[in-house]
């Protein structure tokens, strides 16, 4: 009789381990579902925002441009350049020195897109010029791309479409295909200005641009676009 018990004992222990493993797996799965539904939408945007803020504080990027001067400056007489006004010295300086004064919005857009590792960063000027051309807020299109495609990083292959845009040169899934980023920026800016007007906010645009988002009380799409627009304002105010 004792021998029979000894033979059965390992089987009983093994059964307990399997039962424990099943319950452990079930609890982990339940916690994962709970986190995804209730915790993730709240905590992850907060972590993301603070993480990118930290990255921006430690990242240094230099621009070889002079920013616009907003106030009249006086040059003190003791710092006069009259000492080199004669002869050829001044002419040599003029011939070798080039100054560039760019719209601060372009510099802000370039730095902003660079911080988000966007492939559209080289076309920061296109965003601003096209927006001005059609009377659209210069921050809107780039901010929409942030919500729709992480600023062009998550797009259909070869599409140059960071806005989930449909309606022209569609692929088999209906996403518009553009030859280049400037082509996409130019076309979509013009269509946005024509279709939505130039005075609507992201909350006004959301129900048409993203109907499921418009029906969601959280308005994640509109809040996301607005957040990026505010970030761009911060960039241009703190050049």
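Taking the range 123-147 as the range and being within 18 Å of residue 180 (Cα to Cα) and out of contact with any helix residue (DSSP H, G or I) (no Cβ under 8 Å at 6 or more places or on another chain) as the test, the residues that pass are 129, 145.
Residue-by-condition table, conditions (1) assigned by TED's automatic domain parsing to the domain that holds residue 236; (2) within 17 Å of residue 231 (Cβ to Cβ); (3) modelled with pLDDT of 95 or more; (4) crowded, with 22+ Cβ neighbours inside 10 Å:
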| position | (1), (2), (3), (4) |
| --- | --- |
| 115 | yes, yes, yes, no |
| 129 | yes, no, yes, no |
| 160 | yes, no, yes, no |
| 166 | yes, no, no, no |
| 173 | yes, no, no, no |
| 181 | yes, no, yes, no |
| 184 | yes, no, yes, yes |
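Against the list (1) surrounded by 14 or more Cβ atoms within 10 Å (Cβ to Cβ); (2) at pLDDT 90 or above; (3) over 19 Å from residue 210 (Cβ atoms), the condition residue 133 fails is (1). Here the range 203-221 is the region considered, the condition is being closer than 20 Å to residue 193 by Cβ and surrounded by 16 or more Cβ atoms within 10 Å (Cβ to Cβ), and the residue that is nearest to the chain's Cα centre (by Cα) is 221.
The values are calculated or read from the model by the stated rules, or taken from the named source; none is laboratory data. From a predicted model like this one, the values you see are computed outputs, not experimental measurements. All Cβ positions, glycine included, derive from the backbone under ideal geometry; neighbour counts span all protein chains shown.
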